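The values are calculated or read from the model by the stated rules, or taken from the named source; none is laboratory data. Quick caveat, the model's predicted, so the values are computed rather than measured. Cβ sites come from the backbone with ideal geometry, for glycine too, and all protein chains shown count toward neighbours.
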Amino acid sequence: MTTHSTPSTEPAAHGADDGVHGGGHGGTKAIIAALLANVGIAIAKFVAFLVTGASSMLAEAIHSLADSGNQVLLLVGGRRAERAATPQHPFGYGRDRYIYAFIVSIVLFSVGGLFAIYEGVHKLQHPEELNSPVWAIGVLVVAICLEGYSLRTAVKETAAVKSPGDSYWQFIRHARSPELPVVLLEDTGAEIGLVLALLGVGLSAVTGNGVYDGLGTVAIGLLLVVIAVILAIETKSLLLGESATPEDQRKIVAALEGGTPALSIIHMKTLHLGPDEVLVAAKIAVSHDDTAAGIARAIDEAERRIRDAVPIARVIYLEPDLRRPAAVAGPGAPGAHGV
């Protein structure tokens, strides 16, 4: 994942952020592909709705319009996250990407899901025969192809960054960067929604009963609500603050303990300040006869090794301390490598 950074304006110091600030924006290509596809699809669906009167077409048009707005929000969030740190926000604005992704889940839930359910229920209560259903079917087939291209781009972008052993669902659950999981879920939901709309319109056209169109619309709304809830849960976890990935934590521990001289970790905590910026705070054991100069050199070397092993470890706090027996430390004292 590409990162953009600017040098820290503060002097290097132990326990201070002597790294760089900023953050890359992962999945931009997938976001732009989804945005272009959704704008074109939304226009086509609105035209088809005006011609046919199919509620599923209106629901899908609103869905595509909401998705287009969501992709704009993701791009805006990525831009705002690149702002340099300020005295008021000394750790930068990396979490702006999480905030905008959370807004996306709210938009998808309210504008997409709830509107589709409302429209579907209205159609069930007052079913109407469709006019010129061929228009709707033609638009839906074209939209399925365009959404398929957008989904293919998102899958390709995800495959390039996810761990080889992880499934796409595991990637959505564990990713610290919100853009690709959002686009993956949105595109998957859009493709399934288009199939549901095609079934609803097709059955209504064959049977002459508009109830099937209403059922398809309700199904689309429920699908969007489920996706929005998943997005909200995952993004809320990122907003609250997640640790570095287990793989990055192992690399940090290895960097601390694998140098010369090797350092012994009493306990360690990590926190994502943004998708591409990790804070590392660790208490390291020193002996009674270590000199201040020797400890300072060891910390300098340890910080360098950590940044070499995990480049997104931008903010590092290393505190020297004496290792105390558990009985002296008292109950609840953090153990080695505690997070």
Given (1) modelled with pLDDT of 90 or more; (2) crowded, with 19+ Cβ neighbours inside 10 Å, where does GLY53 come up short, assuming only one miss? (1)
What pairs come out if I take residues in the range 210-235 that are in the same structural domain as ILE106 (by TED's automatic domain parsing) and surrounded by 20 or more Cβ atoms within 10 Å (Cβ to Cβ) and pair them with residues that are basic (Lys, Arg) and assigned to a helix (DSSP H, G or I) whose C-beta lies under 7 Å away, six or more apart or interchain? GLY210/LYS123; ASP213/LYS123; GLY214/LYS123; THR217/LYS123; GLU234/ARG173
Unmet criterion (only one of (1) surrounded by fewer than 23 Cβ atoms within 10 Å (Cβ to Cβ); (2) under 25 Å from the mean Cα position of the chain (by Cα); (3) assigned to a loop (DSSP other than H, G, I, E, B)) for LEU65: (3)
Is it fair to say LEU151 is within 23 Å of PRO275 (Cβ to Cβ), assigned by TED's automatic domain parsing to the domain that holds ILE233, in contact (Cβ under 8 Å) with a residue 24 or more places away in the chain and assigned to a helix (DSSP H, G or I)? yes
Of all residues making up the range 265-297, the number that are touching a helix residue (DSSP H, G or I) at 6+ places or on another chain (Cβ under 9 Å) and without any contact (Cβ under 8 Å) to a residue 40 or more places away in the chain: 6
For the range 300-331, give me the residue count where each residue is assigned to a helix (DSSP H, G or I), at pLDDT 90 or above and either β-branched (Val, Ile, Thr) or farther than 30 Å from ASP276 by Cα (or both). 1
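Return yes or no: is ARG83 touching a His at 6+ places or on another chain (Cβ under 9 Å) and farther than 22 Å from ASN38 by Cα?
Answer is yes for this residue.
Check the range 126-133 and report whether any residue there is outside any loop (DSSP other than H, G, I, E, B) and either touching a helix residue (DSSP H, G or I) at 6+ places or on another chain (Cβ under 8 Å) or farther than 25 Å from LEU222 by Cβ (or both).
In the first step, residues of the range 126-133 are kept if they are outside any loop (DSSP other than H, G, I, E, B); the result is 133.
If we keep only those that are either touching a helix residue (DSSP H, G or I) at 6+ places or on another chain (Cβ under 8 Å) or farther than 25 Å from LEU222 by Cβ (or both) as well, we get 133.
Yes, that holds for at least one residue.
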State whether one or more residues within the range 94-104 are surrounded by 15 or more Cβ atoms within 10 Å (Cβ to Cβ) and outside any helix (DSSP H, G or I). yes
Which condition does SER163 not pass, out of (1) of a type in the set (Gly, Ala, Ser); (2) surrounded by fewer than 17 Cβ atoms within 10 Å (Cβ to Cβ); (3) in contact (Cβ under 8 Å) with a residue 60 or more places away in the chain; (4) assigned to a helix (DSSP H, G or I), if it passes all the others? (4)
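In contact (Cβ under 8 Å) with a residue 24 or more places away in the chain, buried (at least 24 other Cβ atoms within 10 Å of the Cβ) and more than 23 Å from SER105 (Cα to Cα): does that describe SER204?
In short, yes.
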Select from the range 50-61 the residues that are touching a residue at least 40 places away in the same chain (Cβ under 8 Å) and more than 12 Å from ALA197 (Cα to Cα) and list them in ascending order. VAL51, THR52, GLY53
Exactly one of these conditions fails for ALA262: (1) surrounded by fewer than 16 Cβ atoms within 10 Å (Cβ to Cβ); (2) of a type in the set (A, V, I, L, M); (3) in a helix (DSSP H, G or I); (4) free of Cβ contacts under 8 Å to residues at least 24 places away in the same chain. Give me its number. (3)
Anything in the range 25-50 that is under 17 Å from LEU180 (Cβ atoms) and surrounded by 21 or more Cβ atoms within 10 Å (Cβ to Cβ)? List them, or say none. HIS25, GLY26, GLY27, ALA30, ILE31, ALA33, ALA34, ALA37, ASN38
In the range 188-201, residue surrounded by the most Cβ atoms within 10 Å (Cβ to Cβ) [restricted to those that are of a type in the set (A, V, I, L, M, F, W, C) and touching a residue at least 24 places away in the same chain (Cβ under 8 Å)]: ALA197
